[in-house]
Amino acid sequence: MGIVDYSDSDDDQPVKKIKTDFAPDVTVKELPTMYTTVDSKELTRNIPLKDLNEPIQGPANPFSVTKQIQARNMMSGFVEEHHMNDATFNNLSRTFDAYGYTVNPDGSHTDMVGDMDLAKKQEGRTIDEIKKKRKEREGKGNVEDDSFKGPWAGFKDKIYDMPMRTKEQDVYVAPQYTFDKKKLEPKETKETTTFHGNEEYDYLGRSFMHPPSDVGVNLHGEIGNKECFIPKNLIHTWTGHTKGVNAIRFFPKTAHLLLSCSLDHKIKLWDVYRERQCKRTYMGHEKGVRDVQFNNDGTKFLSASYDKFVKLWDTETGQCVQRYPMKKIPFCLRFNPNESKNNMFLVGSEDRKIYQYDTRSQEVVETYDRHLGPVNSITFCHDNRKFISTSDDKTLRIWEFGIPIVIKFVAESDLHSMPAVTLSYDRKNFACQSLDNKIYIFSAEGMLRQNKKKIFQGHLVAGYACQPGWSPDNRFIMSGDSEGKMWFWDYKTTKLYKKFQAHDKVITSCLWHPHESSKVATSSWDGTIK
């Protein structure tokens, strides 16, 4: 830029010119991108004219901010969305999954991707077009001669092989399937036992089953004459089982031994006092053991397993005395507590029946068949003249022992299945664990009636058969839940008294010691007994 300096005199003097540059040279720096962001309201750089005059490239609108974005900016460039209805997309997707190729979605079948050999063989048809062609049948034929087929004509491409009726065989005989009955029958397993103690007999010739007298507890005292209290501390943990424990049972009357059955096919007998070690292991089932039950004096016990066997064991020697093969899985079993009928026991089975066995003849004496689902529990009541059974059919039925006729049953529309039932120590009531996360109380005297005022809830047991328990003085009701917690309720007020974390998994059984006022035994699917 030039600036001219004019003189004030009238003399003709040459004009003096001065050149000065006010603006420095500007070098255009090439930025990695030429465009601004979508939400920008000003230009961050000066775009050259030659770039502004370039032809439009890329998607139609790469910076659309409408609700339906027409293009997306990706690492490899811009991608435009293609709108397609769900039916067309599913047709092309299923075609590619079934045949390994797909076609152009515009329906022209000109562009094909995938297995080209199969695509040419199928003429580029989609799976819907192929199925439509399959449905085209051959001609019906002429009615006047024997070529008439009508709706029984085969498909044109012979995809399906349908049985056709002929004159010689007007009835189609389906193929007969035969089963090997030997494979369906329960497999008998050889029984073994292991004694884990130091000596089976002491210096007086008494076996390990003899109740101790030096533990500071009167194990022969009357049950229920002491006031019970909620346990506070963990005393001992048995960890002999490798899988979940299904049930535990105290030794009758004295409760100085504890019997347990597990999913690891084993049954173990534990010492409750002194060293608290495992006394004997009983092995003889091929699958997990579902339930165990002592007889009145504890000299023998029954075991029910998923291998469809019920076995009678000698507690002291570990010998298997009798075996009872069954057609279905036995779920529960009970000896008749009556002294004159202690040779009888009941088995609730998966086939909706209750079988009554006699250990003297080893045969089924009676069958109780009225349930509409698998039998889950059996409980004796009314001086052992009657028993109550629960089933998956959501009913409770009371039976006369030895007579296969239902005296009374409870089947309410709001009742759920009750897989676990426990009789109180005074034998006046029994607690039913319901799958709607509640414990209901029914009267064990007179007719079968529910106590509407006694409902215990708060725990989560839906889907599990958690055995509830009573305190010997009938003051508390307890139960485990699916989260491994123990719950204690006051029986009079039905209010929650205490809860605490006892196990890592589902608690299957909980038993209150009959002679100690604040001792409770629990078993769980975590494989431990506490």
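The values are calculated or read from the model by the stated rules, or taken from the named source; none is laboratory data. Remember, predicted model here, so these are calculated numbers, not experimental data. With ideal geometry, Cβ positions are generated from the backbone for all residues, glycine too; neighbour counts draw on all protein chains shown.
Things to note:
- Output for the range 231-240, where each listed residue is part of a loop (DSSP other than H, G, I, E, B) and either farther than 18 Å from W313 by Cβ or modelled with pLDDT of 95 or more (or both): P231, K232, N233, L234, I235, H236, T237, T239
- Applying the criterion of being under 17 Å from M447 (Cβ atoms) and buried (at least 20 other Cβ atoms within 10 Å of the Cβ) to the residues of the range 367-389, the residue that is modelled with the lowest pLDDT is C381.
- Number of the exception - V410 against (1) at pLDDT below 95; (2) of a type in the set (A, V, I, L, M); (3) closer than 24 Å to F500 by Cβ: (3)
- Members of the range 263-284 found to be within 31 Å of the chain's Cα centre (by Cα) and either aliphatic (A, V, I, L, M) or buried (at least 23 other Cβ atoms within 10 Å of the Cβ) (or both), listed by number: L263, I267, K268, L269, Y282, M283, G284
- Filter result (assigned to a strand (DSSP E or B) and either farther than 25 Å from W470 by Cβ or among the hydroxyl-bearing types (S, T, Y) (or both)) within the range 390-423: T390, S391, E400, I403, P404, I405, V406, T422
- Within the range 349-364, considering residues that are in contact (Cβ under 8 Å) with a residue 24 or more places away in the chain and in a strand (DSSP E or B), the one surrounded by the fewest Cβ atoms within 10 Å (Cβ to Cβ): Q356
- In the range 307-323, the condition of being assigned to a strand (DSSP E or B) and out of contact with any Ser or Thr (no Cβ under 9 Å at 6 or more places or on another chain) is met by at least one residue.
- Qualifying positions in the range 429-444 - assigned to a loop (DSSP other than H, G, I, E, B) and farther than 19 Å from K498 by Cα: L435, D436, A444
- Looking only at the range 429-444, and only at residues there that are in contact (Cβ under 8 Å) with a residue 40 or more places away in the chain and under 24 Å from G244 (Cβ atoms), the one that is surrounded by the most Cβ atoms within 10 Å (Cβ to Cβ): Q433
- Within the range 244-267, tally of residues that are assigned to a strand (DSSP E or B) and closer than 15 Å to T522 by Cα: 12
- Inside the range 324-348, residues that are of a type in the set (A, V, I, L, M), in a strand (DSSP E or B) and over 21 Å from T281 (Cα atoms) make up a count of 3.
- Test for L511: is it under 27 Å from V410 (Cβ atoms), surrounded by 16 or more Cβ atoms within 10 Å (Cβ to Cβ) and in contact with a His (Cβ under 7 Å, 6 or more places away or on another chain): no
- Of the residues K140, K120, K132, the single one that is surrounded by 12 or more Cβ atoms within 10 Å (Cβ to Cβ), modelled with pLDDT under 80 and not hydroxyl-bearing (S, T, Y) is K140.
- Flag if F331 is of a type in the set (F, W, Y) and closer than 17 Å to A465 by Cβ: yes
- Residues (modelled with pLDDT under 95 and closer than 24 Å to I235 by Cβ) located in the range 281-310: G298
- Residues located in the range 326-348, provided they are among the acidic types (D, E) and buried (at least 18 other Cβ atoms within 10 Å of the Cβ): none
- Some residue of the range 492-504 being part of a loop (DSSP other than H, G, I, E, B), of a type outside the set (V, I, T) and more than 18 Å from I439 (Cβ to Cβ): yes
- Within the range 445-464, if we keep just the residues that are in a loop (DSSP other than H, G, I, E, B) and crowded, with 21+ Cβ neighbours inside 10 Å, the residue that is nearest to the chain's Cα centre (by Cα) turns out to be V461.
- Residue count, the range 476-486 (criterion: buried (at least 20 other Cβ atoms within 10 Å of the Cβ) and in contact with a Leu (Cβ under 7 Å, 6 or more places away or on another chain)): 1
- On inspection, P252 does not qualify as of a type outside the set (A, V, I, L, M), over 24 Å from N295 (Cβ atoms) and modelled with pLDDT of 90 or more.
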